[in-house]
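The values are calculated or read from the model by the stated rules, or taken from the named source; none is laboratory data. Small disclaimer: the values here were computed from a predicted structure and weren't measured. Note that each Cβ is placed from the backbone with ideal geometry, even for glycine, and that neighbours are counted across all protein chains shown. Ligands, DNA and RNA are excluded from the accessible area calculation, which covers all protein heavy atoms including side chains. Shrake-Rupley method; radii C 1.70, N 1.55, O 1.52, S 1.80 Å.
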Amino acid sequence: MDITRRKFLKYCGQAAILLGLEAWLPKAAAAADGTVPLKFLRHIITADAASSRTIMWQANANLSGCALEYRPASQIRATKQVAASTTSLFEDKLAVFFSSVTLTELAPGTSYEYRIIQGERATRWHQFKTEPANRTEVSALIFCDSQCSGSYDIWQQTFQTAWQRHPESQFAAIVGDLTDNGQSDWHWDKFFAAMGTIPEQHPLVPVMGNHECYGLDWKFCLPRRYLASFALPTNNSAKFQGSFYTFDYGPVHFIVLNTQELELHELLPGLLERQLHWLKQDTNRRHQPWQVVLMHKDILAYDEYQLGTQQKDGISDIGHAFMPVFDELGIDLVLTGHMHTYRSRGHIKDLQPADDGPFYVLSGPAGNRYYQVPDDRTYDRSAIYQPTPPHYLRLHATAQELTLTGCTTDGEHIETITLTK
């Protein structure tokens, strides 16, 4: 900020005080239209989108003293300030600082504006709107496997195109393998940059994938960068915080699970057992008509060798671990990724195709990694051609009906599935 502008702001502040208008000034009066050198401002899903928001950002330097100012839109007198919580991570030969603020006791169905301040610097004002207290429907965009190599242009095109087509969507879920390498700063920067400004208003729902658990040497590692990048709803387990969680949105109870048993069973022992115990407790407390599971690895092996079954086809190790529990808990829909293709299996119960029970859909990719995936004649009810083009799912639900529509980035309709209560 140059000297002339500093003096102007100072005199404006003094004049406001003399006129008795100081209450109309922001708490950091000098922090007007400056810049804070942060990156990737983003909203992260909270357990209750009607009364809370988690807002995050990151930087390559320690922005000490950062805070978030917010207020109902245009209500300057109601401006509040909350200090940011900051953590740091040193990987890939550099330090990254992650800051977050969780706003609570927000008014449902209300437009807010916010900005990040640090000393005499500030970002511009951004906007978001809380959900109504009794929302009766939800619309969301579901992406799987946004990982890319060489460039994240395809992920950018897929993400941006989906939002342009469906601006009414409330949030975006990315169902695992967000990046190609979980320790690479380049991959994480490109992943976030590709989404542009959309996460400044709409929450992200991340799901951990196996590539989040790969180090620069392509060996298994703790997903530190993933966990640092997303301040997620609590699961009441300090050891496994961020690995799995749930949230409600309108008539749907969403359950985000961790399928990285192969990668993490030695690094995070007890993950599967703790998760299954938590899952049963969680679903007993839900009140929404629908239960939808988001998890990365698929329920079928599809030519990927399974350590447990010692087979490369049929039900996968992850399927054997979770599917009986989904039957028991009355899960309605399970969305998976990992295989980079689209398959609908319909209802499966007791590990067999059925007329009821959870409905299973595999989708992806949303990035530029393409695979050839064999058929499964027992379970596949519909499939797309291969190599499968980048695509996404749109989920829309009311209390009586849930619709899932698949669409390629180029606009080709894949399939529409409708479930009813």
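Regarding ASP317, is this residue over 23 Å from the mean Cα position of the chain (by Cα) and under 23 Å from GLN372 (Cα atoms)? Even if it seems obvious, please write down each step before you answer.
On the way: over 23 Å from the mean Cα position of the chain (by Cα): yes; under 23 Å from GLN372 (Cα atoms): yes.
So ASP317 fits the description; yes.
Quick one: how many residues across the stretch 376-401 are of a type outside the set (D, E, K, R) and over 28 Å from GLY314 (Cα atoms)? It would help to see each step written out before you state the result.
Here is the first cut: in the stretch 376-401, the residues of a type outside the set (D, E, K, R) are 378-379, 382-393, 395-400.
Now narrow it down to the ones that are over 28 Å from GLY314 (Cα atoms): 396-400.
So the count comes out to 5.
Any idea which residue in the stretch 50-67 is modelled with the lowest pLDDT, counting only those that are over 23 Å from PRO132 (Cα atoms) and open to solvent by less than 30 Å² (accessible area, probe 1.4 Å)?
LEU63
Among the strands (runs of 3 or more DSSP E) lying completely within the stretch 83-200, list those that include at least 1 residues that are open to solvent by 30 Å² or more (accessible area, probe 1.4 Å), closer than 30 Å to SER64 by Cα and touching a residue at least 12 places away in the same chain (Cβ under 8 Å). Explain how you work it out, then say what you get.
Working: elements: 85-91, 94-103, 111-118, 126-129, 137-143, 171-175.
Result: 85-91, 94-103, 111-118, 126-129.
I'd like to verify a number: residues in the stretch 46-82 that are in contact (Cβ under 8 Å) with a residue 12 or more places away in the chain and either closer than 12 Å to VAL101 by Cα or not in a loop (DSSP other than H, G, I, E, B) (or both), how many?
The first filter runs over the stretch 46-82 and keeps only residues in contact (Cβ under 8 Å) with a residue 12 or more places away in the chain, leaving 46-74, 76-77, 79, 81-82.
Going one step further and asking which of them are either closer than 12 Å to VAL101 by Cα or not in a loop (DSSP other than H, G, I, E, B) (or both), we end up with 46, 48, 52-59, 66-72, 76-77, 81-82.
Total satisfying the criteria: 21.
What are the residues in the stretch 89-125 that are among the charged types (D, E, K, R) and over 18 Å from ASP48 (Cβ atoms), if any? Give the steps one after another, and end with the answer.
Our first condition is that a residue be among the charged types (D, E, K, R); within the stretch 89-125, this holds for 91-93, 105, 113, 115, 120-121, 124.
Residues satisfying the conditions are GLU91, ASP92, LYS93, GLU113, ARG115, GLU120, ARG121, ARG124.
Residue under question is ALA231, and the condition is that it be closer than 29 Å to ASP189 by Cα and modelled with pLDDT under 95; does it hold?
Working: closer than 29 Å to ASP189 by Cα: yes; modelled with pLDDT under 95: no.
Spelling it out, it is not the case that ALA231 is closer than 29 Å to ASP189 by Cα and modelled with pLDDT under 95.
I want to confirm something. Restricting to the stretch 215-228 and keeping residues that are of a type outside the set (A, V, I, L, M) and open to solvent by 40 Å² or more (accessible area, probe 1.4 Å), which single residue is nearest to PHE98 (Cα to Cα)? Step through it out loud before you land on a result.
First pass over the stretch 215-228, keeping only residues of a type outside the set (A, V, I, L, M): 215, 217-221, 223-226.
From what's left, open to solvent by 40 Å² or more (accessible area, probe 1.4 Å): 217-220, 224.
Numbers: ASP217: 24, TRP218: 24, LYS219: 25, PHE220: 23, ARG224: 12 Å.
Applying the filter and picking the extreme gives ARG224.
Any idea which residue in the stretch 205-236 is nearest to LEU89 (Cα to Cα), counting only those that are in contact with a strand residue (DSSP E or B) (Cβ under 6 Å, 6 or more places away or on another chain) and among the aliphatic types (A, V, I, L, M)?
That would be ALA228.
Quickly run through the stretch 374-383 and pick out the residues that are in contact with a Lys or Arg (Cβ under 8 Å, 6 or more places away or on another chain) and assigned to a loop (DSSP other than H, G, I, E, B).
We begin by selecting, within the stretch 374-383, every residue in contact with a Lys or Arg (Cβ under 8 Å, 6 or more places away or on another chain); these are 376, 379-383.
If the condition is that a residue be in contact with a Lys or Arg (Cβ under 8 Å, 6 or more places away or on another chain) and assigned to a loop (DSSP other than H, G, I, E, B), then ASP376, TYR379, ASP380, ARG381 are the ones that fit.
Identify all residues within the stretch 235-287 that are open to solvent by 50 Å² or more (accessible area, probe 1.4 Å), at negative phi and under 21 Å from the mean Cα position of the chain (by Cα); write none if there are none.
Let us first name the residues in the stretch 235-287 that are open to solvent by 50 Å² or more (accessible area, probe 1.4 Å), namely 236, 238-239, 241, 248, 261-262, 265-267, 269, 273-274, 277, 280-281, 284-287.
From what's left, at negative phi: 238-239, 241, 248, 261-262, 265-267, 269, 273-274, 277, 280-281, 284-287.
Correct list: ALA238, LYS239, GLN241, ASP248, GLU261, ARG286.
Checking the structure you have, find out if any residue of the stretch 367-375 is in contact with a Gly (Cβ under 8 Å, 6 or more places away or on another chain) and surrounded by 22 or more Cβ atoms within 10 Å (Cβ to Cβ). Spell out the reasoning first.
Let us first name the residues in the stretch 367-375 that are in contact with a Gly (Cβ under 8 Å, 6 or more places away or on another chain), namely 368.
From what is left, the residues that are surrounded by 22 or more Cβ atoms within 10 Å (Cβ to Cβ) are none.
No, every residue in the stretch 367-375 fails to be in contact with a Gly (Cβ under 8 Å, 6 or more places away or on another chain) and surrounded by 22 or more Cβ atoms within 10 Å (Cβ to Cβ).
For the stretch 387-416, which positions are assigned to a loop (DSSP other than H, G, I, E, B), β-branched (Val, Ile, Thr) and surrounded by fewer than 21 Cβ atoms within 10 Å (Cβ to Cβ)? Spell out how you get there, then give the answer.
Of the stretch 387-416, the ones assigned to a loop (DSSP other than H, G, I, E, B) are 387-390, 399-400, 409-412.
Now restrict to residues that are β-branched (Val, Ile, Thr): 388, 409.
Correct list: THR409 only.
Does the stretch 354-392 hold any residues that are at positive phi and under 25 Å from the mean Cα position of the chain (by Cα), and which are they? Let's see the steps before the verdict.
Of the stretch 354-392, the ones at positive phi are 357, 364.
Within the stretch 354-392, just GLY364 meets the criteria.
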